[in-house]
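Since every read-out is calculated from the coordinates, none of them should be taken as a lab result. Everything quoted here is computed from the prediction, not taken from an experiment. Backbone-built Cβ (ideal geometry, glycine too); neighbour counts: all protein chains shown.
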Amino acid sequence: MKKTREQAVSDNLWGSPALFITAAFICFNVARGDEAELAGWALYACGWLPALGMLTWCAVKRRKPGVGGAVSFLMLLLFGSIFWLTHG
């Protein structure tokens, strides 16, 4: 079954925090230093933008975020806690 354009964009935006988390993880663990740590926190913070934007969009459209929303926020909270414990 082919997805609508809106569904494809929604799926990609719900999944996009994973890219920001991966980039932040690389900054924290591969590229050491104060600048890399600052960049890691900035990338992690940017990962919240698409998830919060989609949550707002779902509220405006009166739709449930679904599994994508739950996984997106769970990843952000889990990795944010790990980053804070190891680099906070």
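Tabulated data
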item: Span-like helix ranges in the chain, DSSP H, alpha carbon extent 27 angstrom or more, Kyte mean at least -0.5; result: 34-61, 66-87
item: Gain on full stretching of the segment that runs from LEU74 to CYS46 - 0.36 nm per residue minus C-alpha separation; result: 8.5 nm
item: Additional length obtainable on full extension of the chain from MET1 to ALA59, 0.36 nm per residue less Cα span; result: 18.3 nm
item: Sequence-separation-based contact order of the chain, relative, with Cα cut under 8 Å and 6+ spacing, percent; result: 35
item: Equivalent ellipsoid semi-axes, the chain, via Cα gyration tensor eigenvalues times 5, rooted, Å; result: 28, 12, 10
item: Trypsin sites (Lys or Arg not before Pro) within segment 13-68: DSSP coil, no more than 12 neighbouring Cβ in 10 Å; result: ARG32, ARG62, ARG63
item: Zone of ALA36's modelled label, taken as backbone nitrogen in segment 52-88 under 17 Å from a point 7 Å along Cα→Cβ; result: 83-84, 86-88
